[in-house]
Amino acid sequence: MGCKVRVVLHGRRVGGWIVRITSSDQRSESELPVEKLSSLVSVSGMGVESHIVPLTQWMAETWWGSWRATLSSASAPRVRERIVHSRKTQVSSHGQDPVSVATRELLKKGSGLLVVPPAASALQVVVELAARGPVLAVCPTQRMAVMGAGALRRRGLSVALAPDDWDLARAGVDVVIGARSSVLAPCVDLGAIVVVDEHDELLHEERSPTWDASSVAVKRAQDAGIPCVLTSPIPSLRSKNLFAHNIIEVASQPSWPRISVVDLANIPVNASLLSSELLQSVQEKGKTTLCVLNTKGKARLVICKSCKGVQKCSTCESLLEQDEAGEFFCKRCGASHGSVCVECGRSAFVVPRGGVSQLRTQLQASSVNPVIEITGDSDDTWTQGNVFIGTEAVLYRMNSADVVVFADIDRDLSAPRLSASYEALALIARAARMVSPNGHVVIQTRQPTHPLLLALGSGDVAANVRSWANEQLGLFQSLSLPPFSVVARILLSDKRSLDELPELDQVSVAREENGALLRATNREQMNLAIAQIRHTFGTDVRVHGEPRRF
């Protein structure tokens, strides 16, 4: 099963996969008789590992997508197999470092969640598990996988980097490592699966079906009867709920770098982002500084000239927007808030519209060091410098830094999504890992009393972030939000309207700009709703199952 073949359909040769093999006397009534089946034109070669085929079908059904798409994600990068011999070694690990000790404690109960702070390395989890048998390690990015593969090889382990070393993975190695799709890669005598930074939304496939690598890893491990270890410095609510019975926190000191929360309201210039902490960081010689500013689309931040308060919804804490008449409204919950400041009642406001390029110009005028703006089109010359500025993408293009400054975290923290706080925390956690224990993370805000920022600016960051996350888990449970409900987003083509949406039984519908967000108590209810919607809209609807952002 799983190999690629070609058949003739309607006069054309098309490719496919063999997903089941049976005899004619085992044919069910719903299947075609043997005489109506098309003959194979050719066998193309390698496709999907036979034991992965049922998993791909489960993925398609779970995330309401095409089985062909999941089979494609699980297919070998080449159809012709190359002969490679096994390179397994004798791995031994009896490390007494905090990560190794915590991993052994976690494995006493099988699968679980390991909270690895930014100052520690989750790579030691892979080494510890590799001493028990071959390990499949899944990372959020290919860049992280490449670096991890190099570090493991330096420790003497044999490593296959997916998808490039697919044949080596099929032959046998100590560790198979790769990005999201590597969760479907072959691994001979698989003994354990590790997902690094399970909270990272890059582990969530954006193409339909929108499957999640962490969930697939847990399912694959369950089917194989092996442990699955999810690691993260800031575990997702879904994983905290799933592994509530087996969560171990790594007791390493220090666990987080120094974090400073800067109140932008204390800056004398209205709407300015040039705090003394930011200016000092870009002026230091011999240190690498990253400045992060997310300004996607039209600026939504509205600040009172008098009290310098950010205009936020009193109901859901989302940033408010102004209509053409100057009236404030909440995009998330739809509440109206008049045309005056929600804090002091004044009516004069400032709307900062400066983006990355404008801030770069301001920083360059205040720094003797060259300030380099990093974009998606930047070439390799951007690595030659020590002050870099860009959107959150800069956190993924740099390996390390001494200081990371979030020039205006409010744009992320108060986005019109219930998941906005966790998204902001994920960016801060990534920055904390980049700067190492001796580094510095600066967070600039106009709402320093936000519960998350209070936790991050405290003395014991790990304990206070854990408390904040537990409060969020309780809040989401009381509101019947994921992971205590099932959510799906539907997107319609331009020629169809949400007015055509049928009445859905026991499913809540929240309209969005080009679609709707559906929420059901359980999966059975959502399955029925998706079936109704597809019957109504046909191919004019796209289903985004269990989105990370909602």
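The values are calculated or read from the model by the stated rules, or taken from the named source; none is laboratory data. Given the structure is predicted, the values throughout are model-derived calculations rather than measurements. Note that each Cβ is placed from the backbone with ideal geometry, even for glycine, and that neighbours are counted across all protein chains shown.
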Legend entry - Members of segment 503-550 found to be in a helix (DSSP H, G or I), of a type in the set (Gly, Ala, Ser) and closer than 25 Å to Ser236 by Cβ, listed by number: Ala529
Legend entry - Residue that is modelled with the lowest pLDDT [pool: residues in segment 356-382 that are buried (at least 16 other Cβ atoms within 10 Å of the Cβ) and outside any helix (DSSP H, G or I)]: Ser378
Inset, instruction - Kindly list the number of the only condition in (1) among the small types (Gly, Ala, Ser); (2) under 27 Å from Ala529 (Cα atoms); (3) buried (at least 18 other Cβ atoms within 10 Å of the Cβ) that fails for Ser75. - result: (2)
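Go over the candidates Val125, Val135, Val99 one by one and state the one that is more than 28 Å from Ile259 (Cβ to Cβ) and not basic (Lys, Arg). Quick ask: steps written out before the conclusion?
Details: Val125 fails: more than 28 Å from Ile259 (Cβ to Cβ); Val99 fails: more than 28 Å from Ile259 (Cβ to Cβ).
After ruling out the rest, the residue left standing is Val135.
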Inset, instruction - Would you be able to tell me the number of residues in segment 454-469 that are in contact (Cβ under 8 Å) with a residue 24 or more places away in the chain, within 15 Å of Ser236 (Cα to Cα) and either surrounded by fewer than 18 Cβ atoms within 10 Å (Cβ to Cβ) or not small (Gly, Ala, Ser) (or both)? - result: 2
Inset, instruction - Within segment 189-219, track down each residue that is aliphatic (A, V, I, L, M) and within 18 Å of Pro77 (Cβ to Cβ). - result: Ala213
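Can Asp189 be described as closer than 23 Å to Leu71 by Cα and free of Cβ contacts under 8 Å to residues at least 12 places away in the same chain?
On the way: closer than 23 Å to Leu71 by Cα: yes; free of Cβ contacts under 8 Å to residues at least 12 places away in the same chain: no.
Judged against the criteria, Asp189 is not a match.
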Inset, instruction - Determine whether Ala160 is assigned to a strand (DSSP E or B) and without any contact (Cβ under 8 Å) to a residue 40 or more places away in the chain. - result: yes
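Phe484 - would you say it is under 23 Å from Val115 (Cβ atoms) and either free of Cβ contacts under 8 Å to residues at least 60 places away in the same chain or assigned to a loop (DSSP other than H, G, I, E, B) (or both)? Don't jump to the end; show me each part of the working.
Numbers: under 23 Å from Val115 (Cβ atoms): yes; either free of Cβ contacts under 8 Å to residues at least 60 places away in the same chain or assigned to a loop (DSSP other than H, G, I, E, B) (or both): yes.
Yes.
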Inset, instruction - Would you mind stating whether Val465 is touching a helix residue (DSSP H, G or I) at 6+ places or on another chain (Cβ under 6 Å) and β-branched (Val, Ile, Thr)? - result: yes
Inset, instruction - Scan segment 510-550 residue by residue and report those that are crowded, with 16+ Cβ neighbours inside 10 Å and of a type in the set (Val, Ile, Thr). - result: Ile530, Ile533, Val541, Val543
